[in-house]
Amino acid sequence: MSSLRIAIAGAGLIGQRHLEIIQASASCDPVALVDPAPAAEAVAQRAGLPLFPSLEALFETGRPDGIILATPNQLHVEQALTCLQAGVPALIEKPVAHTLEEGERLWAAATDSKVPLLVGHHRAHSPILEQAREVIRQGRLGQVVAVMGSALFYKPDDYFDAAPWRRKAGGGPVLINLIHEIGNLRSLCGEIVEVQALASSATRGFPVEDTVAIGLRFASGALGSFLLSDTAASARSWEQTSRENRDYPSYDDEDCYLIAGTDGSLAVPTMRLKCYDQPEDRSWWKPFTCEVAELHREDPLARQLEHFCQVIRGEAEPLVSVRDGLQNLRVVDAIGRAAREGGTVVVAQ
């Protein structure tokens, strides 16, 4: 099978990471870099790739088999529309759009097009989540009734000094970090239909939130709670427990999700299972059978690239569609509104 030709738009850190993964892949090769910034020239030269200032300029010389859009959020929709018009499949880095309105616009265009788009919520390709979904699908937990999640970590002062906008509304963990967690929870427990939230900025005193407590209702009837904070000295976050990004220290005694059903519970990512052997054993007076679900580890970004190649060849449907990316945005937006306004906010479907 011939190697696919992949171009990358965006020569920043995530674009360079995609470039490394493509270079290591047996399924595809990098063929071009798209970025008007002066710093992109050095990146292109090191990789031995032609550099183009825009997608239009690239497409005038020929069309790659696919393109990865690793550009600033506000460019995602316009660039994805350009790819649709050119008939070039695209992998769009998350978030799929910088506003709900723009996301709706792209979804409408993608629905009317036969050109596939994959949204880069790379955690969806994690073997950890894949195995957790399989445990739930097999019915090991019975009917899922509750989920507890957390993303508790401490961002150092220089994180805010490097980008002062992070101290202002829109720069906090709800809009920056929570979208990853929402994608995970939706993949595990289904659609989120209602949310409640309490936000606080008491620790740092910035105009933007630093800690949020969230209540979730899923379409299945299951309920969830989630604690989010970027000022908590804790290791209960995906980055510090999954061991999928080696830039972060990891703690194998911690979990960031607990999914509980009528027959048992699963802790993620340690994959510790506690289940009753028989329905008649279900009682807090009876002991659980305890085990650890088998797990193998792979880089989710590398798995995402291989999936993108399958999507380009027509061998698979996008695991994370534009609709999925938009729904993650809808939930995050609803949580932000609930924190500001109080009460229960219904999530658009």
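What to note about this one:
Results for (1) within 15 Å of the chain's Cα centre (by Cα); (2) among the small types (G, A, S); (3) at pLDDT 95 or above, shown as yes or no for each residue.
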{"residue": "L152", "(1), (2), (3)": "no, no, yes"}
{"residue": "D157", "(1), (2), (3)": "no, no, no"}
{"residue": "E181", "(1), (2), (3)": "yes, no, yes"}
{"residue": "E194", "(1), (2), (3)": "no, no, yes"}
{"residue": "V208", "(1), (2), (3)": "no, no, no"}
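- Close pairs (8 angstrom Cβ cut-off, 6 or more residues apart or separate chains): surrounded by fewer than 17 Cβ atoms within 10 Å (Cβ to Cβ) in region 125-140, assigned to a helix (DSSP H, G or I) anywhere: R133/S187; R133/L188
- Filtered by the rule that a residue be open to solvent by 10 Å² or more (accessible area, probe 1.4 Å), among the hydrophobic types (A, V, I, L, M, F, W, C) and farther than 18 Å from P95 by Cα, region 324-344 gives a lone residue, A339.
- H296 satisfies every condition listed in (1) modelled with pLDDT of 95 or more; (2) exposed (fewer than 13 other Cβ atoms within 10 Å of the Cβ); (3) out of contact with any strand residue (DSSP E or B) (no Cβ under 6 Å at 6 or more places or on another chain) except (1).
- Residue in region 68-84 that is open to solvent by 30 Å² or more (accessible area, probe 1.4 Å) and small (G, A, S) present: no
- Residues being crowded, with 20+ Cβ neighbours inside 10 Å and either of a type outside the set (A, V, I, L, M, F, W, C) or in contact with a helix residue (DSSP H, G or I) (Cβ under 6 Å, 6 or more places away or on another chain) (or both) - total across region 308-323: 3
- Any hit, region 157-175, residues being in contact (Cβ under 8 Å) with a residue 60 or more places away in the chain and hydrophobic (A, V, I, L, M, F, W, C): yes
Here is a yes/no grid of residues against (1) open to solvent by 40 Å² or more (accessible area, probe 1.4 Å); (2) within 19 Å of I335 (Cβ to Cβ); (3) among the β-branched types (V, I, T); (4) touching an Asp or Glu at 6+ places or on another chain (Cβ under 9 Å):
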site: G142; (1), (2), (3), (4): no, no, no, yes
site: L152; (1), (2), (3), (4): no, yes, no, yes
site: A162; (1), (2), (3), (4): yes, no, no, no
site: E181; (1), (2), (3), (4): no, yes, no, no
site: R186; (1), (2), (3), (4): no, yes, no, yes
site: C189; (1), (2), (3), (4): no, yes, no, no
site: V193; (1), (2), (3), (4): no, yes, yes, no
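- Screening the candidates A39, A44, A24, A11 for the property of being closer than 24 Å to K94 by Cα and crowded, with 22+ Cβ neighbours inside 10 Å yields one hit, A11.
- Looking only at residues of region 223-238 that are in a loop (DSSP other than H, G, I, E, B) and of a type outside the set (K, R), we find that the one that is most open to solvent (accessible area, probe 1.4 Å) is A233.
- Any pair with Cβ under 8 angstrom, 6 or more apart, that starts in region 207-222 at a residue that is surrounded by 15 or more Cβ atoms within 10 Å (Cβ to Cβ) and ends at one that is at pLDDT below 95 and β-branched (V, I, T): E209/V174; V212/V174
- Looking at region 239-349, the strands (runs of 3 or more DSSP E) lying wholly inside it that each contain 1 or more residues that are touching a residue at least 60 places away in the same chain (Cβ under 8 Å) sit at 257-261, 264-268, 272-275.
The values are calculated or read from the model by the stated rules, or taken from the named source; none is laboratory data. These numbers come from a predicted model, not from an experiment. Glycine gets a Cβ as well: all are built from the backbone with ideal geometry, and neighbour counts include every protein chain shown. Accessible surface areas use protein heavy atoms only, side chains included; no ligands, DNA or RNA. Shrake-Rupley method; radii C 1.70, N 1.55, O 1.52, S 1.80 Å.
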